[in-house]
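Have a look at the structure below, then the notes.
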């Protein structure tokens with residue numbers, strides 16, 4: 001007779017029984033035994049009850065009971081009254097040794113780059129998702145517009161103009177999977193236009209340079225001082241430059257007004273494009289926020305940003321506001337990359353912005369981050385004059401210049417021994433830099449930051 005192929009209701013497991021061959025219980029035993037041995041059924045997996053599996057396979061319950069009993073006797077299954085059959089752990093021939101256990105998390109995690117994930121506005125986001133699912137037309141569940149959903153592009157245009165001084169209309173915005181994808185798309189478009197290298201701040205985030213390299217672009221370093229990147233040092237013939245003018249990573253300086261004007265003048269004179277990563281732009285604690293460079297020259301700046309540090313990196317939502325001559329190419333590059341960004345999350349973010357929940361969340365988190373930064377800096381500098389905090393009070397990280405004679409490597413090792421994990425300027429630099437630490441303070445409460453500072457100061461003394 002023919003082959004019966006059914007998939008159980010609890011496991012996506014293909015079982016094929018052929019009548020007229022070996023006994024049905026023996027066929028079932030063999031297939032389940034092989035699935036356990038080769039890892040298709042992992043330890044702890046729950047199998048259907050004998051009654052459920054028999055019904056799905058169209059055999060008597062006794063066939064399944066006999067197969068389960070034999071596999072239990074051989075040590076492949078654990079059978080308990082009233083519980084689903086469960087796959088037991090076995091040593092499989094040729095199995096790869098399990099990976100070593102991950103090291104325990106550090107006691108004090110001062111690595112930069114992540115917001116306080118416990119502050120994510122779950123209730124507001126959940127409400128926005130429910131409204132998106134309720135109101136979204138059926139047609140919007142098809143393949144998305146690769147440039148982004150119209151509701152989000154309209155919401156972003158209003159928000160960016162109001163808060164960042166960006167000259168944005170919805171038709172100039174391309175929604176991306178975070179800044180990382182935006183940079184890869186921009187890099188691909190620039191590469192197609194004959195640009196092979198991009199000037200970049202030195203130091204700059206190592207992951208930024210990695211994304212540009214994936215797009216086929218070389219990164220040419222331009223030194224950063226207390227006023228930010230100096231346009232006078234941009235190499236001749238470069239077709240693009242990437243800057244973080246609102247709050248430079250990792251030094252924390254802000255691009256000075258004169259440098260901003262000079263950068264725009266350079267782009268206008270050369271026809272090159274400025275890629276503005278609006279890093280940490282929303283978090284300013286001791287002065288009014290500075291507007292985006294894009295507002296000074298919309299046709300010469302591609303403005304990129306995301307919600308990774310304002311909401312959560314897991315959302316993978318970002319955008320690029322582009323000069324008109326780049327929009328079509330960026331949209332095409334986005335289409336080639338992944339056909340478009342998930343729609344439901346886009347519509348939820350638009351809802352969050354339009355209802356004011358996004359602004360309320362930012363205000364709440366800004367107060368929290370300011371208290372945490374103040375606590376960390378005060379604890380580090382109390383009674384000391386050999387540590388220098390660089391940059392402005394903004395963002396989610398602070399750069400601390402080390403005393404003479406200390407090396408980054410020695411301090412990092414001594415800090416790790418005390419349960420403190422951190423980053424350094426050196427790991428994000430191309431050219432050698434004076435030794436300094438980069439400390440993220442977003443994820444620890446004030447008491448935790450003070451304790452981390454004490455441990456770090458002890459590590460600096462030891463180093």
- Task: Would you check which residues across segment 299-331 are farther than 24 Å from residue 115 by Cα and touching a helix residue (DSSP H, G or I) at 6+ places or on another chain (Cβ under 8 Å) and list them?
- Result: 299, 300, 301, 302, 322, 323, 324, 326, 327, 329, 330
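Residues checked against (1) in contact (Cβ under 8 Å) with a residue 40 or more places away in the chain; (2) under 21 Å from the mean Cα position of the chain (by Cα); (3) surrounded by fewer than 24 Cβ atoms within 10 Å (Cβ to Cβ):
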{"residue": "325", "(1), (2), (3)": "no, no, yes"}
{"residue": "332", "(1), (2), (3)": "yes, no, yes"}
{"residue": "335", "(1), (2), (3)": "yes, yes, yes"}
{"residue": "339", "(1), (2), (3)": "yes, yes, yes"}
{"residue": "346", "(1), (2), (3)": "yes, yes, no"}
{"residue": "354", "(1), (2), (3)": "yes, no, yes"}
- Task: Restricting attention to segment 258-274, report how many residues are over 17 Å from residue 223 (Cα atoms) and touching a strand residue (DSSP E or B) at 6+ places or on another chain (Cβ under 7 Å).
- Result: 3
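Residues are listed down the side, and each one gets a yes or a no for (1) at pLDDT below 95; (2) over 16 Å from residue 341 (Cα atoms); (3) surrounded by 12 or more Cβ atoms within 10 Å (Cβ to Cβ); (4) out of contact with any strand residue (DSSP E or B) (no Cβ under 6 Å at 6 or more places or on another chain):
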position	(1), (2), (3), (4)
102	yes, yes, no, yes
112	no, yes, yes, no
131	no, yes, yes, yes
143	no, no, no, yes
- Query: In segment 230-257, what residues are touching a strand residue (DSSP E or B) at 6+ places or on another chain (Cβ under 6 Å), closer than 20 Å to residue 271 by Cβ and in a loop (DSSP other than H, G, I, E, B)?
  - Reply: 234, 235, 238
- Looking at segment 196-212, which of the residues that are surrounded by fewer than 20 Cβ atoms within 10 Å (Cβ to Cβ) and in contact with a strand residue (DSSP E or B) (Cβ under 7 Å, 6 or more places away or on another chain) is nearest to residue 305 (Cα to Cα)? 202
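Each row is one residue, and each column tells you yes or no for (1) in a helix (DSSP H, G or I); (2) within 30 Å of residue 429 (Cα to Cα).
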| residue | (1), (2) |
| --- | --- |
| 151 | yes, no |
| 160 | yes, no |
| 189 | yes, yes |
| 199 | no, yes |
| 204 | no, yes |
- Task: Check residue 401 against each of (1) modelled with pLDDT of 95 or more; (2) in contact with a helix residue (DSSP H, G or I) (Cβ under 9 Å, 6 or more places away or on another chain) and name the one condition it does not meet.
- Result: (2)
- modelled with pLDDT of 90 or more, touching a helix residue (DSSP H, G or I) at 6+ places or on another chain (Cβ under 9 Å), part of a loop (DSSP other than H, G, I, E, B) and not assigned by TED's automatic domain parsing to the domain that holds residue 451, is that true of residue 43? yes
- Message: Let me spell it out: the conditions are (1) over 21 Å from residue 423 (Cβ atoms); (2) touching a strand residue (DSSP E or B) at 6+ places or on another chain (Cβ under 9 Å), and residue 356 meets all of them except one. Which number is the exception?
- Response: (2)
- Note on the structure: By residue number, the members of segment 407-437 that are over 19 Å from residue 461 (Cα atoms) and surrounded by fewer than 16 Cβ atoms within 10 Å (Cβ to Cβ) are 427, 431, 432
- So is residue 179 modelled with pLDDT of 95 or more and more than 19 Å from residue 292 (Cβ to Cβ) or not? no
- Item | Residue, surrounded by the fewest Cβ atoms within 10 Å (Cβ to Cβ), within segment 11-40, restricted to residues that are in a strand (DSSP E or B) and either out of contact with any helix residue (DSSP H, G or I) (no Cβ under 8 Å at 6 or more places or on another chain) or touching a residue at least 40 places away in the same chain (Cβ under 8 Å) (or both) | 14
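The values are calculated or read from the model by the stated rules, or taken from the named source; none is laboratory data. Not measured: the values here are computed from a predicted model. Cβ atoms come from the backbone with ideal geometry, glycine included; neighbour counts cover every protein chain shown.
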